[in-house]
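The values are calculated or read from the model by the stated rules, or taken from the named source; none is laboratory data. Computed from a predicted model, the values in this text were never measured in an experiment. No Cβ is skipped: glycine too gets one built from the backbone with ideal geometry, and neighbour counts run over all protein chains shown. For accessibility, only protein heavy atoms count, side chains too; no ligands or nucleic acids. Shrake-Rupley method; radii C 1.70, N 1.55, O 1.52, S 1.80 Å.
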Amino acid sequence: MSEGFNTRAIHAGQTPDPTTGAVIPPLYQSTTYAQDGIGGLRNGYEYGRGTNPTRDALQDQLAALEGGAHAYSFSSGLAAEDALIRALLAPGDHIVLGNDAYGGTYRLINKVLSAWGITNAAVDMSDVGALTTAIAAGNTKMVWLETPSNPMMKISDIAAVAQAAHDAGAWLVVDNTFASPYLQQPLALGADIVVHSTTKYIGGHSDAVGGAVILNDDDAAEKIGFIQFAVGAVSAPMEAWLTTRGLKTLGVRMDRHSSNAMAVAKWLQDQPAVENVLYPGLADHPGHDLAKAQMKDFGGMVSVSFKGGEAAARKVAESTRVFTLAESLGGVESLMNYPSEMTHASVKGTELAVPENLLRLSVGIEDLEDLIADLDQALSQL
């Protein structure tokens with residue numbers, strides 16, 4: 001009988017220390033390891049860029065939770081994405097990605113990797129026909145999917161997108177950051193590779209930047225592992241340890257994030273100043289039924305647009321007290337973000353540009369009554 005998610009989150013990669021019996025494995029801060037004679041490595045440990053027991057423990061934990069055979073931990077989500085693309089693609093290859101992908105991902109692919117000869121096309125990933133057309137138009141070797149997407153909360157059919165990618169001989173990569181492995185399992189739905197900014201829900205406490213790649217394919221994993229070692233954008237031991245610590249409570253946190261976000265979304269729908277609420281848990285969300293089918297719950301991210309345009313959005317963003325105006329998401333504290341000038345500023349003026357009247361809320365695990373009261377007083381400023 002396979003163990004449940006929360007049991008794996010707490011115990012995978014977390015064997016008590018054999019020397020002392022410490023229930024929490026020690027933080028290995030060492031950069032190098034003593035050898036028993038030249039080439040006589042102890043359990044394969046040689047140098048901190050290549051291997052570290054704390055990072056290995058996190059990688060075991062990540063693989064167990066995403067249902068993958070291999071996991072690699074990096075210094076940031078973008079470092080993970082960069083290593084993945086350079087490991088599996090070559091100059092002249094083509095990527096199809098969502099037309100509301102995270103701005104940093106688009107910047108990496110469109111501005112950094114384009115100089116290396118990687119081309120791209122951005123399409124609405126919820127339209128499989130449009131995806132198929134975009135794949136046919138280029139030498140597509142990779143399809144890049146976010147669901148729910150950031151920040152427009154679009155839901156795409158992972159299994160259908162996987163079929164379209166595989167029919168063309170392309171890899172399907174799913175950025176599972178918004179959902180987390182607790183709410184969604186892309187590998188089980190047909191994806192080849194999962195990426196995360198572990199900075200967000202996986203770490204969960206806004207105190208450790210990191211990224212991850214998880215997959216089953218042995219040959220691809222070997223290539224990614226080589227890039228991790230040869231380029232060296234690895235997660236540091238302290239960040240890996242903090243991420244492991246946070247990941248153990250992912251399940252209980254996501255339950256609370258999801259219930260709070262659902263209540264906040266419903267409350268926002270009733271406010272006269274609000275134009276639209278984007279949350280897949282709402283029955284009128286165009287992707288609601290699909291999200292219900294491929295996710296355990298609907299997550300903690302809510303986007304909201306205002307009838308008063310950019311001025312209203314900016315006023316609300318600068319008037320909250322419990323919600324903190326800040327970049328990032330997925331921590332225990334509630335955050336508010338104005339994507340047009342913050343997380344997605346790099347895509348202004350492109351087809352990925354975010355509406356200027358939209359705010360993105362990362363709903364935390366505070367008391368719901370306090371979150372609603374804070375939003376109420378902020379909207380009363382309009």
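Helix content alone sets the calculated 222 nm mean residue ellipticity of the chain: runs of n ≥ 4 DSSP H residues at -39500 (n - 2.57) each, divided across all residues, give -10500 deg cm²/dmol.
The length gained on full extension between Arg321 and Gln29, counted as 0.36 nm times the residue separation minus their Cα-Cα distance, comes to 101.3 nm. Please work out the Cα center distance from the range 30-48 to the range 240-271, rounded to the nearest Å. The two parts, judged by their Cα centres, are 41 Å apart.
Normalised per residue, the accessible area of the chain is 40 Å², obtained with a 1.4 Å probe and no contribution from ligands, DNA or RNA.
Projecting label points 7 angstrom from Cα along Cα→Cβ for Gln377 and Ala273 puts them 1.4 nm apart.
For the pair Asp17 and Asp167, the difference between a 0.36 nm per residue extended length and the Cα-Cα distance amounts to 49.3 nm. Dipole magnitude for the chain: computed about the Cα centre from +1 point charges on Lys and Arg Cβ and -1 point charges on Asp and Glu Cβ, it is near 420 debye. If you sort the three axes of the alpha carbon gyration tensor as a ≥ b ≥ c, you get a/c under 1.5 for the range 65-172, which makes it rounded. Note on the chain: with a GNM built from Cα contacts shorter than 10 Å, the maximum mean-square fluctuation among Thr324, Thr243, Thr20 falls on Thr20. Charge tally around Glu239: other residues with Cβ under 10 Å, Lys/Arg +1 each, Asp/Glu -1 each, net 0.
Basic side chains Lys and Arg get +1 at the Cβ, acidic Asp and Glu get -1 at the Cβ, and with that the dipole of the range 1-110 about its Cα centre reaches some 160 debye. Each label point was placed 7 Å from the Cα along the Cα-to-Cβ direction; for Asn139 and Val332 their separation is 5.0 nm. Any of Lys292/Lys315; Lys154/Lys296; Lys154/Lys292; Lys266/Lys292; Lys154/Lys248; Lys200/Lys307 with alpha carbons more than 22 Å apart? Name them for me. Pairs exceeding the cut-off: Lys292/Lys315; Lys154/Lys248; Lys200/Lys307. Within the shell of other residues whose beta carbon sits under 11 angstrom from the beta carbon of Ala345, the net charge comes to 0, with Lys and Arg scored +1 and Asp and Glu -1. What base-10 log of the normalised intensity I(q)/I(0) is obtained for the range 85-143 from the Debye formula, alpha carbons as equal point scatterers, at q = 0.14, 0.19 Å⁻¹? For the range 85-143 at q = 0.14, 0.19 Å⁻¹, log10 I(q)/I(0) is -0.34, -0.62. Annotation: extensible slack from Asn216 through Asp370 equals 51.1 nm (criterion: 0.36 nm per residue apart, minus Cα-Cα distance). Per-atom-type breakdown for the chain gives carbon and sulfur 53% of the accessible area (1.4 Å probe, protein chains only). Between Ser206 and Val332, the built amide H atoms are under 5 Å apart, and every one of these is 5 or more places off in sequence or on another chain.
Inter-label distance, Asp284 to Glu46: 6.1 nm, where each label sits 7 Å from its Cα along the C-beta direction.
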